[in-house]
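*Asks:* Below you will find the structure I want to go over with you.
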Amino acid sequence: MHPDLDRIVLTEQQIQDRITEIGADISRDYGDESVLLIAVLRGASLFIADLARRITSPVEIDFMAVSSYGSSRQSSGVVRIIKDLEELIEGRHVLVVEDILDTGLTLKYLLKNLASRKPATLEVVTLLSKEDKQRVPISCRYVGFSVPDEFVVGYGLDYAERYRNLPYIGVLKPEIYSG
Ligand code: PRP
C-alpha cells in the first residue's frame, strides 16, 4: 500500500471484477446498438479505458473536460467546458463515464448541456458514488460502488494531481492534505 494512505477501500481485483460486471450489463442493455462513451477528464480516463474493453456492443469514445469555478475541493455548480466533444451526439446512444459522483453538481450541468444536443438516449455510469453527499439527485444507470465520504484517491482520483496511477482506491492520510 502507498505510504500516504490510511487504508485501502477497494482493491485492484474488486475494481476490475466490478468493471467486468458493469461491462456485461452495458453489453446486455445496448446489444448491437452503437454506444458513445463520453469520459469526463481527467479522473475517468482510467475507468473508461478498462470499461470500454469489457463492452461487446460497438463502442465509440469521446472526451470532455470541464472546470469548476471556485476552490477545487468543493464543487460550486458553476461549470465551464474546457474541451468539448469531437462528435455530434444527436440521435446517438450516449453513456457518460464518470469516476466519482460527489455533490452531483458537475453531472447536473453536463447532463443538461448534453441533453440539449438531442441524443437518442443519455445515461450515466459512475465507478464510485458518495451517496450521502449528493446535493442534486442524479440518476445513474450503472454504479460501481458506494463509498464513504472520505478523501479517496487512486484509480484516476487525485490529490493535487497525484495518486491517479494507483491501481486500487484508498483513503488519504489527513496529514497529507491538511499539513
Ligand atoms: C471530479 C470527478 C467529477 C467531479 C464530481 O472531478 O471526476 O467530475 O469531481 O464532483 P461533483 O459530483 O461534486 O460535481 P475533478 O473536478 O476533481 O477533476 P479531475 O477528474 O480532473 O480530477
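*Asks:* Since residue 139 meets every condition but one in (1) more than 11 Å from the ligand (Cβ to nearest atom); (2) over 16 Å from the mean Cα position of the chain (by Cα); (3) within 28 Å of residue 153 (Cβ to Cβ), which condition does it not meet?
*Replies:* That leaves (2) as the condition not met.
*Asks:* Can you tell me how many residues in the range 153-179 are within 15 Å of the chain's Cα centre (by Cα), in a strand (DSSP E or B) and within 11 Å of the ligand (Cβ to nearest atom)?
*Replies:* 2
*Asks:* Filter the range 127-144 down to the residues that are among the hydrophobic types (A, V, I, L, M, F, W, C), closer than 21 Å to residue 168 by Cβ and either open to solvent by 20 Å² or more (accessible area, probe 1.4 Å) or part of a loop (DSSP other than H, G, I, E, B) (or both) and list them by number.
*Replies:* Selection gives 143 alone.
*Asks:* Let me ask something additional. Would you pick out the residues in the range 129-179 that are closer than 19 Å to residue 108 by Cα and β-branched (Val, Ile, Thr)?
*Replies:* Correct list: 136, 138, 143.
*Asks:* Can you list residue pairs whose Cβ atoms sit under 7 Å apart, with the first residue in the range 123-146 being closer than 18 Å to residue 35 by Cα and the second being among the polar types (S, T, N, Q) and open to solvent by less than 10 Å² (accessible area, probe 1.4 Å)? Count only pairs 6 or more apart in sequence or on different chains.
*Replies:* Qualifying pairs under 7 Å: 140/126; 140/129; 143/126; 143/129.
*Asks:* Which residue pairs have Cβ atoms closer than 7 Å, lie 6 or more positions apart in sequence or on different chains, and pair a first residue in the range 8-22 that is closer than 14 Å to residue 152 by Cα with a second residue that is at pLDDT below 95 and open to solvent by 70 Å² or more (accessible area, probe 1.4 Å)?
*Replies:* If the second residue must be at pLDDT below 95 and open to solvent by 70 Å² or more (accessible area, probe 1.4 Å), the pairs left are 8/1.
*Asks:* Right, next: When the residues of the range 104-126 are narrowed to those that are polar (S, T, N, Q) and either in contact with a helix residue (DSSP H, G or I) (Cβ under 6 Å, 6 or more places away or on another chain) or part of a strand (DSSP E or B) (or both), which ends up surrounded by the fewest Cβ atoms within 10 Å (Cβ to Cβ)?
*Replies:* Looking at the filtered set, the residue picked out is 121.
*Asks:* Does the range 147-170 include one or more residues that are under 28 Å from residue 30 (Cβ atoms), open to solvent by 70 Å² or more (accessible area, probe 1.4 Å) and at pLDDT below 95?
*Replies:* no
The values are calculated or read from the model by the stated rules, or taken from the named source; none is laboratory data. What you see is a predicted model; the values in this text were computed from it and never measured. Note that we place each Cβ from the backbone using ideal geometry, even for glycine, and neighbour counts take in every protein chain shown. Just the protein is used for accessible areas: all its heavy atoms, side chains included, with ligands, DNA and RNA removed. Shrake-Rupley method; radii C 1.70, N 1.55, O 1.52, S 1.80 Å.
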